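Beneath this line is the structure, given in structure tokens, with notes to follow.
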Amino acid sequence: MTGTHGVGTMTGIALRTGWKVLVTWVLAMVGVMAVTGSSIGALYDTPEKIRGYAASLGGDAMAVLNGRVAGLDTLGGVLANEFGFVLSFGMPLMAVALTSRATRRDEEAGRLELLLAARIGRRAPLLAAVLVSSGAVLLTGLGCGAVMAAFGADAAGSLLYGLGIAALGFVFVGVTAVAAQVVEHNRQVWVVGIALTALLYLLRGLGALERNALLWLSPHGWVDEVRAFGEPRVWPLMLALGVGLALVALAFWFLDRRDVGSALLRPRRSVPRASAALRTPLGLAVRQHRGAVLGWAVVAAALMGVYGSLAQEIIDVILDNPALGGFLGADAEGLAEDLLRTVMSTFVMMLAMLVAAFVVAGIGSLREEERAGRLEVDLSAQRSRHSWLGVHVLVVTAGALVVGLVGALALGGSTSAALGERDWVGDVLSGALVQVPAVLVFVGLAVALLGWWPRGHLLAWGVLAVGALLAYLGPGFDLPDVLLDASPFIAVGQDVLADGASTPGTLVLLSVGLVLTVTGFVGFRRRDVPVP
Amino acid sequence: MTEQLVEITGLRKRFGRVQALDGLDLSVGRGEVHGFLGPNGSGKSTTLRILLGLTRADGGVVRLFGGDPWKDAVELHGSLAYVPGDVTLWPGLTGGQCIDVLARAHGRVDERRRADLVDRFDLDPTRRSRDYSKGNRQKVSLVAALATDVELLVLDEPTAGLDPLMEEVFQQVVHERRAEGTTVLLSSHLLGEVEALADRVSIIRSGRTVTTGTLTELRRHTRSAVRAVTVRPPDLDRVAGIQDVRTGTDDEGRTDVHASCEPDAVGALVGALHDAGIHTLTVTPPSLDDLFLEAYAGPDR
Ligand SMILES: Nc1ncnc2c1ncn2[C@@H]1O[C@H](COP(=O)(O)OP(=O)(O)O)[C@@H](O)[C@H]1O
Ligand SMILES: [Mg+2]
């Protein structure tokens, strides 16, 4: 290939500027595999237990999530299945992250132009990016395979599975390389990468569920069809490799047909004037947050929809479990429904955590307004600080209600559909309503930080993480109630679907949220703008 | 005495260990274009932010339209428009939408002027601001501010990123606005730009005003550089207003004289040199550059 002069230099630059990110990704993926391996190895320590694994999965629901993994009666198959979800998203996103940062991101920042002006060939940066990213996905695959073998999975199968992981990553290296030629901004490369990951993952899920050809449209499906721990075949691996290479070739073909700094798709033009709504502070704020509201609502709907659709499996697991079955006795069905209600309360709590995360991110985005200098301009207008902050907090809070409502409807709807007996929507909605004060605490916390310690926004994420962990793990670890109640998600009431709200908890949380919010507004009126 | 729209005396502001402003003075009269000059990091942006009530001063007096900008920010902002030094526009909005949103923040837009400026600054208002170059983004901020009907324009290093052609347009527009009676406070670290536009100039350094006045006044304060070779050693003691005198002897026994000289003293100095028998003489006229460089490079406080 001509025009690749200096590919060594470019590879060096990509490694020097990106080795931390690269090593983090590889270690994270291999680390998750190691954790999976050690916990599964301890749980399924006899061949009998391993054979029982497939039966415990609850059939088709699992196929939608993880595909149909071959050899579930071997340790390797069990590991592959447990790792499936992380693999499905981890490998593609790793490929997108590593490939985009050395291509479109550097090009957008103007760094590539600088290098191409030196003795670096036009094709060298893309080639170097593909080489480095491919090396990283291969390393990850081999690392995961080695870890599996070390935990006692079949060695040949582990190697083949590791290569399958790498092949999935390689396809997405190709996808990203093409996207980096087609669109002009790194952000858009990410959007293409994430959207394709989700789409291909869904296709594989549908294909696996219906056992039809859709499976073959998705590289996720090809990895499954290597059947590393069943009757192994190498040709699906070759298919993935071939598609990856074809995509990389396409990327080079595109590269030769565009200017440095531009993209194949010319940026779209749009309206030259702002609408009347956009010219109002409220309209502008809505416009700024609506993308995030939409994105989080989709995530909430997808997650809650999946959880709800598993309702039948949950009941089956409860009823089939010999230990539990004996414990439940004659009225097993009724008690199973009680247990299901408790599980649904947990799902609602997770929805509340998701909404709280949206809130923290939404109010955190106001820091970006400040750093970008737009807050300065807004405040140099005839607008008080209170009105500026008030409008944004209002929009974020309303957005949180939308995200929560969408998630609750998805959970209630899919549960009702899965069980087909009675309507869960009302129960779930009233449970979700109970969690609202917990979310409001995070509105208050984020606003208070913005007003008094804007550089400390990360603290809000820290509190959220601790609150979520306490609520999530606390009951299992039998932590004392005092500690549990320190988590807003528990303080509103445990098992909200069955028991409703805790009145003192609700009152305390509402007051804390209100006081924090008011404090934040006071601080925001008094502080310097901008704080960098 | 003209009405002062901006009056700042003894302004102080500290950020942690950095004393950003240390007794800064600035006053801007109605109708003038005031150049606010200083090297990077000298405190220009901080001063403007305090003037707009965005940042709170630690000490000193700040008056904007006669009021206190920290307490009465909202009311006072009714008749000014501000272009910050470093602003990233809403990436998803088009240039035209950004202009409308910004202009709406500044105040009442003059639609005819807006259309005229978009045209003169050669701006494509249908492109999204994330697709703009730095210069084009700067033009958006400028068009929005310059198209608004306001009494005072506060511009923080507004021409950063503009090409010379567009800088020319910018200067024309500022001249037009001034002719209509608009007051302009223009910060810059480039002397040339301020020289072309400003009626009065304040030069600051390390958070302190070094000098202020009209360009003519400033020129009067700068010195001419005089260099001469005379047959006999001149008697310079009787000449007032000269400084930095250095004398030497060249290889033919003549006296080599260097001196800097106030504008009013040039005649007397040349007289004294004449009495000593001038062999060669150069007088370099006062330049604002020297003053400016002196302010930039001079010792700290
Ligand atoms: N928010 C801030 N926090 C800490 N230091 C600051 C802050 N704003 C400005 N400074 C410091 O104050 C000094 C003056 O900055 P600035 O007003 O931006 O200068 P100029 O606009 O003239 O370049 C610089 O040393 C700068 O680093
Ligand atoms: Mg500045």
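The values are calculated or read from the model by the stated rules, or taken from the named source; none is laboratory data. None of the values given here were measured: they were computed from a predicted structure. As a convention, Cβ positions derive from the backbone with ideal geometry for all residues, glycine included, and neighbour counts pool all protein chains shown.
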>> Yes or no: segment A:433-440 includes at least one residue that is on the phi > 0 side of the Ramachandran plot and over 22 Å from the mean Cα position of the chain (by Cα).
In response: no
> If you scan segment B:241-286, which residues turn out to be in contact with a helix residue (DSSP H, G or I) (Cβ under 8 Å, 6 or more places away or on another chain), small (Gly, Ala, Ser) and surrounded by fewer than 17 Cβ atoms within 10 Å (Cβ to Cβ)?
Replying inline: B:Gly241
> Residues A:Arg266, A:Arg273, A:Arg187: which one is assigned to a helix (DSSP H, G or I), within 14 Å of another protein chain (Cβ to nearest Cβ) and not hydrophobic (A, V, I, L, M, F, W, C)?
Replying inline: A:Arg187
>> Could you list, ordered by first residue, the pairs with Cβ atoms under 8 Å in which the first is in segment A:84-110 and under 15 Å from A:Gln181 (Cα atoms) and the second is aromatic (Phe, Trp, Tyr) and part of a helix (DSSP H, G or I), at least 6 apart or interchain?
In response: A:Val96/A:Phe172; A:Val96/A:Trp190; A:Thr99/A:Phe172; A:Ser100/A:Trp190
> Checking B:Lys13 against (1) among the charged types (D, E, K, R); (2) buried (at least 21 other Cβ atoms within 10 Å of the Cβ); (3) more than 16 Å from ligand 1 (Cβ to nearest atom), which test does it fail?
Replying inline: (3)
> Which one of B:Ser42, B:Ser27 is hydroxyl-bearing (Ser, Thr, Tyr), within 16 Å of ligand 2 (Cβ to nearest atom) and more than 12 Å from every other protein chain (Cβ to nearest Cβ)?
Replying inline: B:Ser42
> Of the residues B:Gly241, B:Gly161, which is at positive phi, modelled with pLDDT under 95 and within 16 Å of ligand 2 (Cβ to nearest atom)?
Replying inline: B:Gly161
> Do we have any residue at all in segment B:129-144 that's out of contact with any Cys (no Cβ under 8 Å at 6 or more places or on another chain), within 24 Å of A:Ala381 (Cβ to Cβ), of a type in the set (Asp, Glu) and away from ligand 1 (no atom under 16 Å from the Cβ)?
Replying inline: no
>> Consider segment B:21-42. How many of its residues are surrounded by fewer than 23 Cβ atoms within 10 Å (Cβ to Cβ) and within 10 Å of ligand 1 (Cβ to nearest atom)?
In response: 3
> Taking segment A:154-175, which residues are acidic (Asp, Glu) and within 16 Å of A:Leu239 (Cα to Cα)?
Replying inline: none
> Could you count how many residues in segment B:72-111 are free of Cβ contacts under 8 Å to residues at least 40 places away in the same chain, more than 8 Å from chain A (Cβ to nearest Cβ) and within 18 Å of B:Val184 (Cβ to Cβ)?
Replying inline: 2
> Out of all the residues in segment A:277-298, which are surrounded by fewer than 16 Cβ atoms within 10 Å (Cβ to Cβ) and within 12 Å of another protein chain (Cβ to nearest Cβ)?
Replying inline: A:Ala277, A:Thr280, A:Arg290, A:Gly291
>> I'd like to check something: does segment A:13-27 contain any residue that is outside any helix (DSSP H, G or I) and among the aromatic types (Phe, Trp, Tyr)?
In response: no
> within 16 Å of ligand 1 (Cβ to nearest atom), at pLDDT 95 or above and either more than 21 Å from A:Leu375 (Cβ to Cβ) or within 10 Å of chain A (Cβ to nearest Cβ) (or both), is that true of B:Arg114?
Replying inline: no
> Is at least one residue of segment B:50-67 within 19 Å of B:Pro158 (Cα to Cα), modelled with pLDDT under 95 and either within 13 Å of another protein chain (Cβ to nearest Cβ) or under 18 Å from the mean Cα position of the chain (by Cα) (or both)?
Replying inline: no
>> For segment B:68-98, give me each residue that is within 26 Å of the chain's Cα centre (by Cα) and away from ligand 2 (no atom under 16 Å from the Cβ).
In response: B:Asp68, B:Pro69, B:Trp70, B:Ala73, B:Leu76, B:His77, B:Gly78, B:Ser79, B:Leu80, B:Ala81, B:Leu89
>> Let me confirm something: among A:Ala301, A:Ala274, A:Ala311, which residue is within 28 Å of A:Glu184 (Cβ to Cβ) and surrounded by 15 or more Cβ atoms within 10 Å (Cβ to Cβ)?
In response: A:Ala274
> Taking B:Arg200, is it charged (D, E, K, R) and surrounded by 18 or more Cβ atoms within 10 Å (Cβ to Cβ)?
Replying inline: yes
> Out of all the residues in segment B:122-149, which are away from chain A (no Cβ under 11 Å), buried (at least 21 other Cβ atoms within 10 Å of the Cβ) and outside any helix (DSSP H, G or I)?
Replying inline: B:Ala147
